[in-house]
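Asks: Below you'll find the structure I mean.
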Amino acid sequence: MTDRATQRLRNGTRTWHQALESTEFAAAMLAGTLPLDRYVGQLAAYRVVLEALEAELARATCPSVASVWSPDLAKLPFLERDLRHFLALGAVLRPCPAATEFADEIRHSGATELLGYLYVLEGSTLGALFLLRYVTEAYRLTDGNGTSYYGSGDRARWAALTERLDRALGEPAVQDRVLAAAERAYRHVALISAELSVGLGSPAPEPV
Ligand code: HEM
């Protein structure tokens, strides 16, 4: 009997997940020292990525994607709401080339590969749910303002998604392609995180 697709995805990307849990960006977020503009920068970067991914998933006509994607998985509205909140407070959004690169890859991918990206990005909201209290406290956010995306993780929705992925991705050769796409998604997220970490933890400049 072959392994379930999501079991393979979990095992095959475990090292990537561990690496992302221990980035400078994650450490600063957990310590409550991540500057607000980096948190907002991450939301803006994910907006670029999810705008591409959700549009491609909605457009795809292949049966495996159609059997997995459903509009209740869309995260873009949460990001839009959070970004509107921070923009109203005067936040300035800077471009994130690593996010644009990921979005370009998504737009040029095969339909099945989209499911690998979806696995990683939906799964990341489980981590975000764990991080929710840290960002709420660090930026003194109230009434869910600025935390819609981080608060959007949902274990029941995740369980339903993994069940649909397992049903759609029975073929080992197809699983291989989706796993490779999931690894690429992690790599892109790591590059986004590195871009958002520039200057973090560096010593204050010497006075001249
Ligand atoms: C400090 C950063 C992170 C922490 C603390 C964290 C934590 C977690 C936790 C606790 C879970 C399991 C939740 C559950 O089973 O209920 C999880 C799952 C997951 N996370 Fe993260 N995460 C982090 C960053 C990320 C990032 C950046 C990504 C990718 C963009 C990611 C992708 C995933 C995926 C795909 C799963 C589902 C794994 C599976 O069960 O197949 N995580 N994370």
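Asks: For helix 36-59, report the angle its Cα long axis makes with the longest principal axis of the Cα atoms of the chain; keep it between 0 and 90° and round to the nearest 10°.
Replies: Rounded to the nearest ten degrees, it is 20.
Asks: For every helix of n ≥ 4 consecutive DSSP H residues, a contribution of -39,500 (n - 2.57) applies; sum these over the chain, divide by its total residues, and give [θ] at 222 nm rounded to the nearest 500 deg cm²/dmol.
Replies: So the calculated ellipticity at 222 nm is -22500 deg cm²/dmol.
Asks: When the dipole is taken about the Cα centre of the stretch 5-197, and only Lys, Arg (+1) and Asp, Glu (-1) are charged at their Cβ, what size is it in debye, to the nearest 20?
Replies: Numbers: 20 positive and 23 negative charges, 43 e Å.
Dipole about the Cα centre, nearest 20: 200 debye.
Asks: With axes computed from alpha carbons, what is the tilt in degrees of helix 155-168 against the longest principal axis of the chain, rounded to the nearest 10 within 0 to 90?
Replies: 40
Asks: Given contacts defined as C-alpha pairs under 8 Å and at least six residues apart, what's the relative contact order of the stretch 1-106, whole-number percent?
Replies: Relative contact order of the stretch 1-106: 36 percent.
Asks: Determine, for Glu163, Glu122, the number of other Cβ atoms within 10 Å of each Cβ, and report the residues in order from fewest to most.
Replies: Going from sparsest to densest Cβ surroundings: Glu163, Glu122.
Asks: Let me ask something else about it. How high is the relative contact order of the chain, in percent, counting Cα pairs under 8 Å that sit 6 or more residues apart?
Replies: So the answer I get is 36 percent.
Asks: Taking the 0 to 90 degree range and rounding to the nearest ten, how far is the long axis of helix 111-138 tilted relative to the main principal axis of the chain, both from C-alpha atoms?
Replies: Taking the Cα atoms of the chain, the angle to 111-138 is about 30 degrees.
Asks: Could you tell me which of Ala173, Val40, Ala58 has its Cα farthest along the dipole of the stretch 5-197 towards the positive end, charges placed at Cβ (Lys, Arg +1; Asp, Glu -1), taken about the Cα centre?
Replies: Projecting each Cα onto the dipole axis, the largest value belongs to Val40.
Asks: Place +1 on the Cβ of every Lys and Arg and -1 on the Cβ of every Asp and Glu in the stretch 88-179, take the dipole about the Cα centre, and give the residue among Ala159, Thr136, Thr100 whose Cα lies farthest towards its positive end.
Replies: Thr136
Asks: Ordered by packing density, taken as the mean number of other Cβ atoms within 10 Å over each peptide's residues, highest first, how do 47-54, 194-201, 34-41, 137-144 rank?
Replies: The peptides rank, most packed first, as 47-54, 34-41, 194-201, 137-144.
A short reminder: the numbers here are calculations on the coordinates, not readings from a lab. Predicted, not measured: the structure shown is a model, and the values here were computed from it. No Cβ is skipped: glycine too gets one built from the backbone with ideal geometry, and neighbour counts run over all protein chains shown.
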